[in-house]
C-alpha cells in the first residue's frame, strides 16, 4: 500500500530546563542532527521535516541540508507544531518524533505507523510506550504513565503512578515515549479542538482524544532511549555516543 507518511521533528529552542537543547553538541553533531539521522533510516516515509520556533535552528538545518519549517513561538505542544506542518505539507499520516531523543531507534519510530487494517479508521492515533524498568521512574512526574486494555488501547493516562497497587504488587508499569502517529483527520481534530480539562490539569496531549471518545492506540516497545531534559541527561547521551563512535 502506497501511503504518504511525513515525519515531523518538533524542535523548540527555549526549553525551560535546557535552553537551546536542539543545538547541543553530541560528539561533533547537534542533538537534532542525531534525531534526523535516525529518522532517515526509515524507508516507509515520504519526507522528514523539522518544525522549530527559532531562526538559529533554521540556520543549522539549512547548513546540514535538513528540511525545516519555522513556526510560531506561541505554539504550545509538539503536536500543535505538527499540525502547523500539516497545513503546508499534505500527507495521510504524520509521525511526530520529539527532537530531544537522539538515541531513538528507527524501529521504534516505525512501530507507530498504522497497519493496513488500521488505515480503515479515519481518526487514527498511536503512541509508543515502553515498560518502566527503574522503579524511581514510576513516581517521576516527568514520565507519563499509561494503562491500556487487551487491544492495546489506552484507558487512562497520568503523571501519577497508575494503576495503584492495592490488590497486588507485582505488575509492570508503562510510560509513554516521545513518538506518536496521527492520520491527517486526527491531527486536524487535535489542532482545531480546545484543550480538554484533564489535558490542562496534567498537561498530557493524548487526553484531547480520550476525552472526546477517540481511541488512542499504544505500541509496546523495548527502548532504552533517553529524553534529554537536563544537562545530566545530555552527559549520559554524550557518553553513550562517545563509546559508540569510539571517540
Here are 59, 65: which of them is at pLDDT 95 or above and on the phi > 0 side of the Ramachandran plot? 65
Wholly inside the stretch 130-206, strands (runs of 3 or more DSSP E) that include 1 or more residues that are modelled with pLDDT under 95 and over 26 Å from residue 93 (Cα atoms) are none
Of 143, 152, which residue is surrounded by 13 or more Cβ atoms within 10 Å (Cβ to Cβ) and on the phi > 0 side of the Ramachandran plot? 152
Matching residues in the stretch 13-44 (over 22 Å from residue 235 (Cβ atoms), touching a residue at least 60 places away in the same chain (Cβ under 8 Å) and touching a strand residue (DSSP E or B) at 6+ places or on another chain (Cβ under 9 Å)) number 3
Residues of the stretch 196-221 being without any contact (Cβ under 8 Å) to a residue 60 or more places away in the chain and more than 18 Å from the chain's Cα centre (by Cα), in sequence order, are 196, 197, 198, 200, 201, 211, 212, 213
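Looking at the stretch 45-60 only, could you name the residues that are surrounded by fewer than 16 Cβ atoms within 10 Å (Cβ to Cβ) and either free of Cβ contacts under 8 Å to residues at least 40 places away in the same chain or not in a loop (DSSP other than H, G, I, E, B) (or both)? Even if it seems obvious, please write down each step before you answer.
Within the stretch 45-60, the first condition is being surrounded by fewer than 16 Cβ atoms within 10 Å (Cβ to Cβ), and the residues that meet it are 46-47, 55-56, 59.
Hits for the stretch 45-60 are 47, 55, 56, 59.
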Looking for whichever is on the phi < 0 side of the Ramachandran plot, assigned to a strand (DSSP E or B) and under 14 Å from the mean Cα position of the chain (by Cα) here; the options are 102, 10. Which one fits? 10
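The values are calculated or read from the model by the stated rules, or taken from the named source; none is laboratory data. None of these values were measured; they are calculated from a predicted model. Here Cβ is always computed from backbone atoms with ideal geometry, including for glycine, and neighbour counts include all displayed protein chains.
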